[in-house]
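Before any comments, here is the structure.
The values are calculated or read from the model by the stated rules, or taken from the named source; none is laboratory data. Just so you know, these numbers come straight off a predicted model, no measurement behind them. Glycine gets a Cβ as well: all are built from the backbone with ideal geometry, and neighbour counts include every protein chain shown.
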Amino acid sequence: LSDRLTSTFKNLRTRGRLSEADIDATVREIRRALLDADVAVPVVREFTAAVRERALSAEVSEALNPAQQVVKIVNEELVSILGGDQARGLTFAKTAPTVIMLAGLQGAGKTTLAGKLAKHLKDQGHTPLLVAADLQRPNAVTQLKVVGERAGATVYAPHPGVAGEDEVPTGDPVAVAVGGVATARSRQHDVVIIDTAGRLGVDAELMAQAREIREATQPDEVLFVIDAMIGQDAVATASAFLEGVDFTGVVMSKLDGDARGGAALSVARVTGRPILFASTGEKLEDFEPFHPDRMASRILDMGDVLTLIEQAEKAFDAEQAEKMAAKLQKGDDFTLDDFLVQMQAMRNMGSMKKMLGMLPGMGQMREALDSFDEREVDRVEAIVRSMTPAERANHRIINGSRRARIAKGAGTTTTAVNQLIERFEGAQKMMKQMARTGGGLPGMGALP
Ligand code: GDP
Ligand code: MG
């Protein structure tokens with residue numbers, strides 16, 4: 001697949017505006033890539049339409065070729081649907097215990113996740129209590145006990161026939177869940193994780209039970225656990241749980257498998273719920289916060305292309321900076337516009353004051369920065385903005401009547417305009433000197 005995309009990109013022109021044909025060719029391949037990754041068909045359709053529209057109206061980037069530009073847009077859209085820059089963490093209750101309920105089909109990985117979450121929370125100093133509210137399968141309770149022991153977390157579970165101090169209700173998952181929360185409260189567990197039953201397919205009874213547990217325990221988080229390998233069924237399953245139980249977040253499980261993870265995109269898009277965690281194996285440690293950017297490049301299978309794009313943009317930025325430096329070196333070209341840019345740079349450097357003071361030989365620079373008035377930048381900016389491009393390029397043409405006009409436009413006096421021009425001339429002289437002696441810090445010229 002990656003090869004196919006790469007060859008499509010080779011056929012595109014190397015630089016310049018994105019043509020409709022270029023975009024359509026690329027979008028076709030993106031569509032195929034998403035379908036290969038098992039993203040739901042309607043999601044693919046909607047997604048590619050959005051990408052196409054954005055690409056058509058995209059500003060032409062000089063740093064990237066058309067193919068790279070389209071991929072960049074695709075990647076940004078993917079990351080944004082998958083949750084943006086950063087996955088959100090768990091929401092904790094204001095007053096303990098925080099209640100986390102797990103929901104999902106049988107085999108999705110809920111019980112395994114319960115153990116992983118417990119370990120994760122314990123590592124962060126919490127005291128989780130695991131609650132076995134899956135009474136459907138005979139060995140479900142035992143499985144949670146094993147997992148809890150591995151995680152070093154207490155498990156609240158019915159144990160029929162055994163009378164003990166923990167009188168746990170048997171047979172009724174809702175009662176067990178409620179009893180678990182009460183126990184957490186009395187035994188100082190600050191988080192409760194409720195494991196629930198699943199079915200192989202969506203069914204009404206399962207939904208009703210999960211909803212009852214939800215209503216009875218009022219969880220702070222209901223996490224919908226979904227197997228990444230579920231493929232095209234992701235949308236139907238996620239929608240059924242959203243409607244039947246409702247959930248606050250998603251956990252993708254079995255991301256260690258071959259699945260490219262299109263289900264993540266489908267679920268995020270269709271439910272609008274954030275994906276919080278990724279489960280990546282059978283062991284307790286195989287668990288991590290969900291990374292939208294990593295998932296996006298996995299779905300597209302284009303990590304290398306994305307790295308190339310990043311490098312191309314960085315190289316371009318460096319090129320621009322060099323051009324600017326070369327221009328300043330010449331001194332002659334130093335205009336009022338450049339002067340303004342310098343002033344603005346100085347404002348940004350204000351926060352560097354402390355750091356500069358710590359560097360050898362920077363004491364003088366620091367003194368200058370100390371006497372630098374930030375409001376001055378605004379005043380200079382207002383005056384320079386009131387000048388015509390011709391005036392900014394050559395300040396010598398600014399005669400008396402022009403000064404009066406500029407002052408009026410900037411809401412200031414002609415004296416202030418005169419002062420500014422004087423300062424600018426000083427700065428210009430300094431830039432020329434620096435150009436002759438070769439170097440110096442750009443920005444120095446703007447100082448009073
Ligand atoms: P539940 O029915 O939703 O509670 O699912 P389980 O937690 O019992 O998991 C079902 C099966 O999937 C078990 O064999 C787990 O070991 C396995 N499993 C769960 N999570 C993962 C995962 O992230 N990766 C892999 N490879 N297997 C997993
Ligand atoms: Mg289970």
Original post:
Would a scan of the range 171-190 turn up a residue that is within 26 Å of Val270 (Cβ to Cβ) and touching a Phe, Trp or Tyr at 6+ places or on another chain (Cβ under 8 Å)?
Top reply: no
**OP:** Determine whether Val70 is under 30 Å from Glu20 (Cβ atoms) and within 19 Å of the chain's Cα centre (by Cα).
**Re:** no
Original post:
In the range 136-154, how many are more than 11 Å from ligand 2 (Cβ to nearest atom) and either in contact with a Ser or Thr (Cβ under 7 Å, 6 or more places away or on another chain) or touching a residue at least 12 places away in the same chain (Cβ under 8 Å) (or both)?
Top reply: 7
Subject >> Identity of the residue in the range 166-198, among the charged types (D, E, K, R) and within 34 Å of the chain's Cα centre (by Cα), that ends up farthest from ligand 1 (Cβ to nearest atom) >> reply: Asp190
**OP:** Please go through the range 64-79 and pick out each residue that is in a helix (DSSP H, G or I) and in contact (Cβ under 8 Å) with a residue 40 or more places away in the chain.
**Re:** Pro66, Ala67, Gln68, Gln69, Val70, Val71, Lys72, Val74, Asn75, Leu78, Val79
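Here is a yes/no grid of residues against (1) more than 16 Å from ligand 2 (Cβ to nearest atom); (2) within 19 Å of Phe47 (Cβ to Cβ):
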residue	(1), (2)
Leu223	no, no
Ala234	yes, yes
Ala238	yes, yes
Phe241	no, no
Asp246	yes, no
Val267	yes, yes
Thr280	yes, no
His291	yes, no
Original post:
So Leu102 fits all but one of (1) modelled with pLDDT under 95; (2) within 16 Å of ligand 2 (Cβ to nearest atom); what number is the exception?
Top reply: (1)
**OP:** Provide a single number: the residues in the range 226-266 that are away from ligand 1 (no atom under 16 Å from the Cβ) and of a type in the set (Val, Ile, Thr).
**Re:** 2
**OP:** Pick out the one residue from Glu391, Glu374 that is within 27 Å of Thr413 (Cβ to Cβ), touching a Gly at 6+ places or on another chain (Cβ under 7 Å) and modelled with pLDDT of 60 or more.
**Re:** Glu374
Original post:
Is it the case that some residue within the range 59-80 is closer than 26 Å to Asp286 by Cα, at pLDDT 90 or above, away from ligand 1 (no atom under 16 Å from the Cβ) and surrounded by fewer than 22 Cβ atoms within 10 Å (Cβ to Cβ)?
Top reply: yes
Subject >> Selected residue [part of a helix (DSSP H, G or I), hydrophobic (A, V, I, L, M, F, W, C) and more than 10 Å from ligand 2 (Cβ to nearest atom)] from Leu117, Leu130 >> reply: Leu117
Original post:
Does Leu117 meet the test of being away from ligand 1 (no atom under 11 Å from the Cβ), crowded, with 17+ Cβ neighbours inside 10 Å, among the hydrophobic types (A, V, I, L, M, F, W, C) and under 29 Å from Ala240 (Cβ atoms)?
Top reply: yes
**OP:** Can you give me the number of residues within the range 324-338 that are more than 28 Å from Ala382 (Cβ to Cβ) and at pLDDT 70 or above?
**Re:** 1
Subject >> Condition check for Ala50: surrounded by fewer than 22 Cβ atoms within 10 Å (Cβ to Cβ) and small (Gly, Ala, Ser) >> reply: yes
Subject >> Count of the range 232-261 residues which are out of contact with any Lys or Arg (no Cβ under 8 Å at 6 or more places or on another chain) and outside any strand (DSSP E or B) >> reply: 17
Original post:
Since Gly104 meets every condition but one in (1) under 22 Å from Ala228 (Cα atoms); (2) out of contact with any Phe, Trp or Tyr (no Cβ under 8 Å at 6 or more places or on another chain); (3) assigned by TED's automatic domain parsing to the domain that holds Val250, which condition does it not meet?
Top reply: (2)
Subject >> Answer residue from the range 276-303, given it is more than 16 Å from the chain's Cα centre (by Cα), away from ligand 1 (no atom under 16 Å from the Cβ) and in contact (Cβ under 8 Å) with a residue 12 or more places away in the chain and is surrounded by the most Cβ atoms within 10 Å (Cβ to Cβ) among those >> reply: Ile299
Original post:
Quick check, is Gln124 under 22 Å from Thr280 (Cβ atoms), away from ligand 1 (no atom under 11 Å from the Cβ) and polar (S, T, N, Q)?
Top reply: yes
